[in-house]
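Following: one structure in structure tokens, then a few remarks.
The values are calculated or read from the model by the stated rules, or taken from the named source; none is laboratory data. What you are looking at is a predicted structure, and each value in this text was computed from that prediction instead of being measured. All Cβ positions, glycine included, derive from the backbone under ideal geometry; neighbour counts span all protein chains shown.
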Amino acid sequence: MAGRLSDAGHDLVVWSRTGAHAAALADRAEVAASPAEAGAKAEVAITMLTDGGALEEVVLGRAGLAEGLGPGTLLIDMSTTGPGPARKVAGVLEQREAGFVDAPVAGSVGPAADGTLAIMVGGSDEAVAQARPLLEILGDPERTWHVGPVGAGQAAKLMVNLVLGGVTAAVAEGFILGRLLGLSPDDALEVLEGASVAAQTVRSKGDKLRSGDYGDPGFRLVLMHKDLRLAVDAARAARASLPATERVAELYAGAKGRGLADKDYSAVAAYLAGMAPLLERTPPEGQAGR
């Protein structure tokens, strides 16, 4: 994403909690010693962090972005944090006359590199207008939605990942059941893609399900679990319950506990396979697929 901004002609000042990530951009950006230093040199700051705690640490902590951002500047946070941290950070920046937009994304490494991310945006009309030229470099303009005030982008992202996590778990369970009942991996995936509402998930995760190799994650399982928990917590705060999502979150928690946290989130299938001791790599005799 930083590379896309640089290629578009923007001057960059970068900082990362993981120093090597910032150092990798040293040939095209100035590397700052702290978030405050980066913010002091920026008209617009963009953050992409793990969760709300990380956002508050980087922006509001010692030598944080808030210390460097001045009047008229803007922070675009593209993390998935939930609405609460977004509103808290926006409130602090407002006191410094700096703007804030929450703009979490849907899409992983490929769309980020291609500039085809879907972006859900929350913020004032003025702040979103200031952010939009940069968002159009990072994402697909036709799939960039201004959905309301600060926090609304986070609400939309939790909605999207709630569905994504549930659909992926359902595809994984369906695939395991098909294998248990004698379908070959290829036949099971072909039918799921052609006959189910989960076709897009099957297309994007079919190779991983087929091979059982969940390395090279597009989106880590631990982050999917975090987002599902954020959705459940947000519903509880609104005095509602999401019983299906709570169960799906438990599945991802179980997979995380089995050492799959840093695998692709579709590795929930490996966790489910561990609950099916009769499952084998090949279908039963007489029921072989192509």
Criterion: modelled with pLDDT of 95 or more and touching a Phe, Trp or Tyr at 6+ places or on another chain (Cβ under 9 Å) - qualifying residue of 98, 127 = 127
Look through the stretch 198-226, keep the residues that are on the phi < 0 side of the Ramachandran plot and part of a loop (DSSP other than H, G, I, E, B), and return whichever of them is modelled with the lowest pLDDT.
-> 198
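Counting only residues that are part of a helix (DSSP H, G or I) and touching a helix residue (DSSP H, G or I) at 6+ places or on another chain (Cβ under 6 Å), how many does the stretch 235-252 have?
Qualifying residue count, the stretch 235-252: 6.
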Which numbered condition residue 159 misses (of (1) over 14 Å from the mean Cα position of the chain (by Cα); (2) touching a residue at least 40 places away in the same chain (Cβ under 8 Å)) | (1)
Test residue 127 against the criterion of being of a type outside the set (Ser, Thr, Tyr), assigned by TED's automatic domain parsing to the domain that holds residue 101 and within 23 Å of the chain's Cα centre (by Cα), and give yes or no.
-> yes
Looking only at the stretch 106-124, and only at residues there that are among the β-branched types (Val, Ile, Thr) and either surrounded by 24 or more Cβ atoms within 10 Å (Cβ to Cβ) or in the same structural domain as residue 230 (by TED's automatic domain parsing) (or both), the one that is nearest to residue 236 (Cα to Cα) | 121
In the stretch 48-90, the residues that are surrounded by 23 or more Cβ atoms within 10 Å (Cβ to Cβ), under 19 Å from the mean Cα position of the chain (by Cα) and of a type in the set (A, V, I, L, M) | 55, 58, 75, 76, 78, 86
Considering only residues of the stretch 148-175 that are of a type in the set (A, V, I, L, M) and under 10 Å from residue 102 (Cβ atoms), which is surrounded by the most Cβ atoms within 10 Å (Cβ to Cβ)?
-> 150
